[in-house]
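Undergrad: Pasting a structure here, questions to come.
Each value in this text was obtained by applying a stated rule to the coordinates, not by laboratory testing. Please read all numbers here as calculations on a predicted model, not as lab measurements. Backbone-built Cβ (ideal geometry, glycine too); neighbour counts: all protein chains shown.
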Amino acid sequence: MIEHEKKPEPRTPGKAIIAVLPLGRVREDILRVVADGLQGILRLPVDLRDPIAVPEDAFMESRNQYNAMALIKYLDRELSHNSLKILGITANDICNPILTYVFGEAYMGGRSAVMSSARLKAGLLGEPVSREQFLDRVVKVAIHEIGHTFNLRHCHTDRCVMRASNTLLELDEKLNYLCDYCEIFLFDSLREALKDPEVADGSV
Amino acid sequence: MSRKNRFMVVDDELIVRESLAAWLEQEGAVVDRAESGEQALDFMQENFYDILFVDIKMPGMGGFGLLERAKKSFPTTVVVIITAYGTVDHAVQAMKLGANDFLVKPFEPEGLGIMVAKLMEHKRLLEETQYLRDEVTRCWGGPDEIIGQSKPMLELFDTIKEVAPSESSILILGETGTGKELIARAIHAHSKRMGGPFVPINCGAIPESLMESEIFGHEKGSFTGAVRPKKGLIEVAENGTLFLDEVGEITPKMQVDLLRVLQDKLFYRVGGVEPIRADFRLISATHRDLPHEVAQGTFRQDFFYRINVITLRVPPLRDRREDVPLLVTRCLQRFARETNRDVDSINDEAMKILVEYDWPGNVRELENVVERAVVTSKRRIVTPEAFAYLTGQDICAGAGFSPRSLEQVEIEHIRRVLEEEEWNISRTAKVLEVDRTTLHKKIRKYGLNR
Ligand SMILES: [Zn+2]
Ligand SMILES: [Zn+2]
């Protein structure tokens with residue numbers, strides 16, 4: 001896999017529902033596929049932003065991982081953006097205090113979510129998977145975590161992207177879109193959020 | 001998920017509390033957070049929790065203290081202990097105190113998902129058992145619902161509770177309409193087999209020719225019409241209670257067959273060669289005088305001893321008249337509700353008639369009488385006129401008054417033949433030229449009794 005060494009084009013903030021924000025250096029194809037995925041699948045305007053440094057106080061030395069909750073809090077607190085939701089993406093391995101690792105993390109109805117590409121490259125036996133499969137996993141995690149920020153809980157419908165997936169196998173088994181029910185819930189939640197005048201006029 | 005699960009995370013460390021709660025919320029649960037055992041107990045006064053996640057090391061009451069209090073006051077709440085690496089021995093100790101599982105942080109995400117799913121399944125089963133237990137209690141009504149406060153009934157309730165847990169066969173004696181099946185259900189509900197089925201068989205109502213295959217089942221092709229194998233009621237009663245109502249009606253051959261099952265704990269389906277294990281508790285009931293029939297040689301003595309390890313006698317209603325007002329009031333309310341009528345009381349004179357009446361058909365007859373009064377009453381209060389026909393009947397029996405309605409003629413005729421044949425059902429049925437089932441139905445319908 002080729003790492004994109006080239007610095008991405010500077011991006012200007014616009015009026016968007018979701019901001020995609022790289023934390024540290026993140027491959028361009030990952031950012032592109034996430035932005036396209038959210039925009040194409042959820043049909044929500046996405047704003048792809050310039051990267052910022054990973055906040056170092058989120059690093060847990062004892063575990064050699066970043067604390068996903070600390071990253072979420074950082075995004076919530078430190079950044080005022082012209083968007084309804086923020087998805088932070090990092091290439092670093094992330095975890096939380098009770099779990100050895102997470103693919104992504106979000107609070108129900110929260111403003112920010114975070115995801116990591118670190119654990120999505122491996123096959124079942126540890127061998128690297130194809131670029132397509134890797135990017136497919138990235139998109140699923142992104143949609144899933146953003147779904148939680150819109151109050152979607154784990155879904156039990158067949159292969160819906162909102163199914164809980166605690167392993168790569170479970171992640172691979174689901175599809176990269178919302179089932180009909182989750183789609184309805186998502187738009188209900190979005191409509192509710194847009195009723196908030198601050199959100200509706202884009203001043204947030 | 002029909003009802004939202006409610007969990008509580010109890011941890012003095014904000015970051016653990018938050019991350020676990022956030023994870024559980026994604027599963028669709030309502031999650032409360034408490035930072036101490038004391039606060040958790042406060043919350044538990046307000047809400048019902050499916051699972052508590054409790055950190056062991058907390059100031060104040062601590063995890064162990066909370067575990068003990070929670071298990072004592074809320075036994076169906078599942079408790080999961082949270083511990084850190086290196087303190088697993090604490091978790092073991094917690095399990096001994098009744099914790100359902102423990103969580104050593106940090107945890108593999110997959111393991112947490114599986115654990116929560118497993119605990120919810122465990123809870124579902126607990127609740128299902130509880131539900132079934134309630135259902136059973138509701139169906140037979142409980143001792144105060146079953147019949148009354150008279151001394152003979154209170155004694156009977158005590159005996160039920162005493163004998164229910166044993167595995168011994170029980171024979172319930174009592175006149176028609178005294179509620180023998182309710183008593184049998186009560187025994188089942190208080191026995192170790194309450195989780196299993198209660199299978200009633202009315203031996204007087206099943207035609208003789210079908211009895212064998214009903215009870216033992218049959219294999220395919222064992223007789224004409226046996227197109228597929230069929231489980232017998234003995235098999236259906238596996239792990240539960242088999243209730244043979246009107247046991248006095250079963251044929252001598254059937255008595256031998258059942259005796260064999262009771263002795264060997266094995267039986268064969270009709271046409272079957274494989275022995276099948278029988279695991280049921282037998283309760284029988286009859287309104288007949290079986291010791292008398294044993295003495296006469298019409299009922300097998302060995303079978304009688306087998307089914308009659310414990311004898312319960314249900315007193316006839318006329319021997320516990322003090323229960324009549326209670327029963328009448330209950331019935332009145334029930335029928336008024338069921339038929340949606342504004343009849344809600346009965347005056348003293350009317351009640352006096354009912355208390356003094358002899359109730360040959362026992363509780364069943366009382367129910368019929370009250371139902372009729374409710375349905376025909378034009379006023380809120382039931383008055384003596386509603387029961388004129390009862391006293392009238394007494395007069396006609398006493399004065400040799402000739403019955404007028406077709407029904408009255410039938411009742412009197414059946415009663416006379418029954419008396420002539422000394423209440424032998426088969427002989428009476430033969431004389432009346434009806435089958436035993438029809439005769440039984442009529443005896444029950446008219447509340448006839450020797
Ligand atoms: Zn999720
Ligand atoms: Zn779904």
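Undergrad: A:Arg43 label point, 7 Å along Cα→Cβ, cut-off 12 Å on backbone N: hits in the range A:169-191?
TA: Taking a point 7 Å out along Cα→Cβ of A:Arg43, the residues of the range A:169-191 whose backbone N falls under 12 Å are A:183-184, A:187.
Undergrad: Now for a different question. Once you have a ≥ b ≥ c as the square roots of the Cα gyration tensor eigenvalues for the range B:327-367, tell me rounded if a/c is under 1.5, and otherwise prolate or oblate according to whether a/b is larger than b/c.
TA: Numbers: a/c = 3.27, a/b = 1.42, b/c = 2.30.
Because a/c hits 1.5 or more and a/b fails to exceed b/c, the range B:327-367 counts as oblate.
Undergrad: Another question about this same structure. Please sort by residue number the chymotrypsin sites (Phe, Trp or Tyr not before Pro) in the range B:21-122 whose DSSP state is loop and whose Cβ has at most 16 other Cβ atoms within 10 Å.
TA: Details: sites: B:Trp23, B:Phe43, B:Phe48, B:Tyr49, B:Phe53, B:Phe64, B:Tyr85, B:Phe102, B:Phe107; in loops: B:Phe48, B:Tyr49, B:Tyr85.
Listed in order of number, the matching sites are B:Phe48, B:Tyr85.
Undergrad: Another question, if that's okay. I'd like to verify something in chain A: which complete DSSP H helices, judged by Cα projection on the helix axis, reach 20 Å or more and average at least 0.0 on the Kyte-Doolittle scale? Please report the intermediate quantities before stating the final value.
TA: On the way: long enough: A:131-149 (28 Å, -0.23); A:180-195 (23 Å, 0.08).
Those that clear 20 Å and a mean of 0.0 are A:180-195.
Undergrad: Something else: If you rank A:Lys174, B:Lys118 by fewest surrounding Cβ atoms within 10 Å, what's the result? Don't skip to the end; give the middle numbers.
TA: Values: A:Lys174 20, B:Lys118 12.
By the 10 Å Cβ count, ascending: B:Lys118, A:Lys174.
Undergrad: Looking at the protein assembly as shown only, what percent of DSSP beta bridges run antiparallel? Nearest 5 please. It would help to have the intermediate numbers written out before the result.
TA: Working: 12 of 71 bridges.
Approximately 15 percent, going by the DSSP bridge assignments.
Undergrad: Something else now. If you keep only loop residues by DSSP, which chymotrypsin sites (Phe, Trp or Tyr not before Pro) in the range B:191-267 have at most 15 other Cβ atoms within 10 Å of their Cβ?
TA: Numbers: sites: B:Phe198, B:Phe216, B:Phe223, B:Phe243, B:Phe267; in loops: B:Phe223.
Of the chymotrypsin sites (Phe, Trp or Tyr not before Pro), the ones in loops of the range B:191-267 whose Cβ has at most 15 other Cβ atoms within 10 Å are B:Phe223.
Undergrad: Lysine pairs in chain A with Cα distance under 21 Å, only those 8 or more apart or on different chains: how many are there? Don't jump to the answer; show the numbers that get you there.
TA: Values: A:Lys15/A:Lys85; A:Lys15/A:Lys195; A:Lys73/A:Lys85; A:Lys85/A:Lys140; A:Lys85/A:Lys195; A:Lys121/A:Lys140; A:Lys121/A:Lys174; A:Lys140/A:Lys174.
Lysine pairs meeting the criterion: 8.
Undergrad: Using the 10 angstrom Cβ neighbour count as an exposure proxy, how do A:Val129, A:Val33 rank, fewest first?
TA: On the way: A:Val129 17, A:Val33 20.
In order of increasing Cβ crowding within 10 Å: A:Val129, A:Val33.
Undergrad: Under the definition of partner shielding as Cβ atoms of other protein chains within 10 Å of a residue Cβ, what is the mean value for peptide B:16-29? The partial results should precede the final answer.
TA: Working: counts 3, 2, 6, 11, 4, 2, 11, 7, 1, 7, 13, 3, 7, 2.
Shielding by partners across B:16-29 averages 6.
Undergrad: Here's something else I'd like to know. By its C-alpha gyration tensor, with a ≥ b ≥ c as the square roots of the eigenvalues, how is the range B:187-296 shaped: rounded for a/c under 1.5, else prolate for a/b larger than b/c, else oblate? Provide the component values of the computation, followed by the final result.
TA: Details: a/c = 1.78, a/b = 1.19, b/c = 1.49.
Judged from the Cα gyration tensor, the range B:187-296 comes out oblate (a/c at least 1.5, b/c at or above a/b).
Undergrad: Which longest run of chain A has no exposed loop site in it, a site being GluC sites (Glu not before Pro) in a DSSP loop with at most 16 other beta carbons within 10 Å, and the site itself not part of the run?
TA: Details: sites that count: A:Glu3, A:Glu5, A:Glu61.
Formally, the longest exposed-site-free interval is A:62-204.
Undergrad: What lysines sit close enough to B:Lys161 to cross-link, taking a C-alpha to C-alpha distance under 22 Å and skipping anything fewer than 8 places away on the same chain?
TA: Of all the lysines, those that pass the test against B:Lys161 - Cα under 22 Å, at least 8 places apart if same chain - are B:Lys151, B:Lys180, B:Lys192.
Undergrad: So what is the 222 nm mean residue ellipticity for chain A from helices alone, if each DSSP H run of at least 4 adds -39500 (n - 2.57) and you divide by all residues, rounding to the nearest 500 deg cm²/dmol? Write down the numbers at each step before the final one.
TA: Details: 6 runs with 70 residues, N = 204.
Roughly -10500 deg cm²/dmol at 222 nm, from the helical runs in chain A.
Undergrad: State the antiparallel share, in %, of DSSP beta bridges confined to the range A:62-201, rounding to the nearest 5.
TA: 45
Undergrad: Want the number for B:Val355 to B:Arg379: 0.36 nm per residue separation, take away the alpha-carbon distance, what's left? Don't skip to the end; give the middle numbers.
TA: On the way: separation 24, 0.36 × 24 = 8.64 nm, distance 2.14 nm.
That works out to 6.5 nm of additional length.
Undergrad: So, one more: At 222 nm, what helix-only mean residue ellipticity would chain B give, in deg cm²/dmol to the nearest 500, using -39500 (n - 2.57) for each DSSP H run of four or more? Don't jump to the answer; show the numbers that get you there.
TA: Values: 20 runs with 229 residues, N = 450.
It lands at -15500 deg cm²/dmol.
Undergrad: Counting alpha carbon pairs within less than 8 Å and at least 6 residues apart, what relative contact order, in whole percent, applies to chain B?
TA: In percent, rounded to a whole number, it is 12.
Undergrad: Follow-up. How much length is gained if the chain between B:Lys445 and B:Glu422 is pulled fully straight, taking 0.36 nm per residue apart and subtracting their Cα-Cα distance, in nm to one decimal?
TA: Values: separation 23, 0.36 × 23 = 8.28 nm, distance 1.96 nm.
In short, 6.3 nm is gained.
Undergrad: Kindly work out what percent of the DSSP beta bridges joining two residues of chain B are antiparallel, to the nearest 5.
TA: Working: 4 of 44 bridges.
Percentage antiparallel, nearest 5: 10.
Undergrad: Under a point-charge model restricted to the Cβ atoms of Lys and Arg (+1) and Asp and Glu (-1), what is the dipole moment magnitude of the range A:68-204 relative to its Cα centre, in debye to the nearest 20?
TA: Details: 15 positive and 19 negative charges, 43 e Å.
Computed about the Cα centre, the dipole is about 200 debye.
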